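A.B. asks: I'd like to ask you about the structure that follows.
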Amino acid sequence: MSENNVDRGKHYSHGPGFNANQIHGISTRAEETGKPPIWVWFGVAGLLLVALLVIFVLPNIVSEYELPLERRVNIAELAPIQDPTIPTSAISPFEEAQRSLQRKEAQDVLAELLEHQGDLEELEVKQWAQEAYAEALEVAGLGDEYYRSQDFRLATESYGNSRDSLLAIFEKIPSVFEQTIIEGQNALASRDSALAQDKFSLALLLDPGSNAAQIGSERSRVLDEVLDLSAEAEELYEQDELAAARSAYQQVVSLDRYHETAQQKISEITALILEQEFAGVMSTGYSLLEDGDPAAAIAEFERAANMGINAEQALAAIAQAETGVANTRIAKIQEQIASAEAQEEWHAAVIEYDNALAIDSNLVFAISGRDYASKRAQLDDLLSASIESPDRFYEDDVFQQTLDIYYTGRAIESPGRRLAGQLDELQVLLETSQVPLDIRMVSDNLTDVTILRIGILGLFEETTVSLKPGRYVAVGKRIGYREVREEFVVGFGQTPESIVVQCVERVVATNR
């Protein structure tokens, strides 16, 4: 059964007639002449002709056409079978009108049926509902038989049942679509590109807007090429050609961006390549470390630490290298410390101990060594200062402090040559500082003489004073004369033959 059975496009035009203007013109002229014009007679004749056509011709036309003037089923195919026992003239106009209405109803249902049939044909219904579709058409064929026998009521019923069956097929489209998608995905998984393309093409017919169907269709079209590239990539991977294998998998993803296996392989191979690069950098670092270039080794280890993998391993290598560098530096510092201590350069030793502690603040040898070196440096400074200023030893407190310093130095076991020499020299200075020397003082018996921190000598021309070695100041005062001060050193090879203290410069009074 097809659409050719019904001709929907043919219409017939209405017969000739009169419009309102013509009738008005005729009436006007009739009023003017006082008798009917000839056109009125022609009009009356036309109306009579139309009436005859309606009564005798129209029923025959209705048998072929029905509102809205659509041609009925082809007469050759659906020609009603007349009962020969019933003469045609026996059918009344009313019965003919009823049959026409039933015929119209049957054709309306048939039109719906044909529309649904066309829609299903476009959806390739025979691929997914062939049996149900065939059964529906079989029922429609039964309706054709009823139509030919002019049993329009049963024809309408059959057409309606067929239409409803087609509608039921439409209602199955969502479930058929889902099943088709599943079958297409299974075909992809089983690497059957032809079947996958068929399934996803059908799915697109059923639901053109489906993203899943569109994706599946795209993937099925490139499946064969994807399979070839995947096989090539796997072979390269087995040969440890990681970069080439990754490139092949990347081509797979460029063809099929939903290929999860290829994406996973790219990630895995990228990780392996990175592991190899990391191992290479670490190996270079260890080689540099063995070659005695820890700075370059640390640079390589830091590069490895920034690669994003195995950072702890790289950091451990950096710590190891830094420890090696630190140990090397500390060893050199220890050599410098030993040299400074051997030469009794205690300040230099303290500096080197500080350098060692800057590397590792917990170095026991540096902590204890610095404490000792610091004390020796302080002792060295005190001994040097005492030896350089023996002229203060005549002061009791200074002498006692210097004596304590001397005994501190003597308490050191195994003193070096520098310390021993300092102590011997200081000993001589201390001993000689306590032996008084006679100093001859000369004045004019007019100047009042005083030796600071010793006492007043008064007026004299010449006298002798016994003084310990040291630095002294003699002050002379006389009324009307400028005060004089004489500094002198006793002992240490600087003792003068005599000290003259006289005020001889007058002070001139000024008027204010």
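A.B. asks: Listed residues Tyr258, Tyr237; which is within 24 Å of the chain's Cα centre (by Cα), over 30 Å from Gln320 (Cβ atoms) and not β-branched (Val, Ile, Thr)?
C.D. replies: Going through Tyr258, Tyr237 in turn, the sole match is Tyr258.
A.B. asks: Which pairs do you get when a residue that is touching a residue at least 60 places away in the same chain (Cβ under 8 Å), found in region 397-421, comes within reach of a residue that is loosely packed, with under 15 Cβ neighbours inside 10 Å and part of a helix (DSSP H, G or I), reach meaning Cβ atoms under 8 angstrom, with the pair 6+ apart or on two chains?
C.D. replies: Gly416/Ala342
A.B. asks: A follow-up question, please. I'd like to know if region 261-270 contains one or more residues that are of a type in the set (Val, Ile, Thr) and over 30 Å from Leu223 (Cβ atoms).
C.D. replies: no
A.B. asks: Would you say Asp438 is in contact with a strand residue (DSSP E or B) (Cβ under 7 Å, 6 or more places away or on another chain), of a type in the set (Asp, Glu) and part of a strand (DSSP E or B)?
C.D. replies: yes
A.B. asks: Identify the single condition in (1) in a helix (DSSP H, G or I); (2) farther than 18 Å from Gln343 by Cα; (3) out of contact with any Pro (no Cβ under 7 Å at 6 or more places or on another chain) that Leu457 does not satisfy, given that it satisfies every other one.
C.D. replies: Condition (1) is where Leu457 drops out.
A.B. asks: Sticking with this structure for a sec: Name the residues in region 466-477 that are modelled with pLDDT under 95 and surrounded by 14 or more Cβ atoms within 10 Å (Cβ to Cβ), would you?
C.D. replies: Leu467, Lys468, Pro469, Gly470, Arg471, Tyr472
A.B. asks: Follow-up. Look through region 391-449, keep the residues that are surrounded by fewer than 18 Cβ atoms within 10 Å (Cβ to Cβ) and among the small types (Gly, Ala, Ser), and return whichever of them is nearest to Leu459 (Cα to Cα).
C.D. replies: Restricting to residues being surrounded by fewer than 18 Cβ atoms within 10 Å (Cβ to Cβ) and among the small types (Gly, Ala, Ser), the top hit is Gly421.
A.B. asks: Being part of a loop (DSSP other than H, G, I, E, B), touching a residue at least 40 places away in the same chain (Cβ under 8 Å) and small (Gly, Ala, Ser) is the filter here; which residues of region 470-512 pass it?
C.D. replies: Hit for region 470-512 is Gly491, nothing else.
A.B. asks: Give, as residue ranges, the helices (runs of 4 or more DSSP H) completely inside region 287-385 that count at least 1 residues that are in contact with a Gly (Cβ under 8 Å, 6 or more places away or on another chain) and within 27 Å of Glu413 (Cβ to Cβ).
C.D. replies: Qualifying helices (runs of 4 or more DSSP H): 311-342, 346-359.
A.B. asks: If I go through region 161-184 residue by residue, how many of them are under 17 Å from Asp119 (Cβ atoms) and crowded, with 17+ Cβ neighbours inside 10 Å?
C.D. replies: Within region 161-184, residues that are under 17 Å from Asp119 (Cβ atoms) and crowded, with 17+ Cβ neighbours inside 10 Å number 8.
A.B. asks: Shifting gears a bit: Would you please list the contacts, defined by Cβ atoms under 6 Å and residues six or more apart or on different chains, that run from a residue in region 433-445 that is under 28 Å from Arg478 (Cα atoms) to a residue that is part of a strand (DSSP E or B) and not hydrophobic (A, V, I, L, M, F, W, C)?
C.D. replies: Close Cβ pairs satisfying both conditions: Asp438/Thr464; Asp438/Ser466; Arg440/Thr464; Arg440/Ser498; Met441/Thr463; Val442/Glu462; Val442/Ser498.
The values are calculated or read from the model by the stated rules, or taken from the named source; none is laboratory data. From a predicted model like this one, the values you see are computed outputs, not experimental measurements. Using ideal geometry, Cβ is built from the backbone for each residue, glycine included, and neighbour counts are taken over all protein chains shown.
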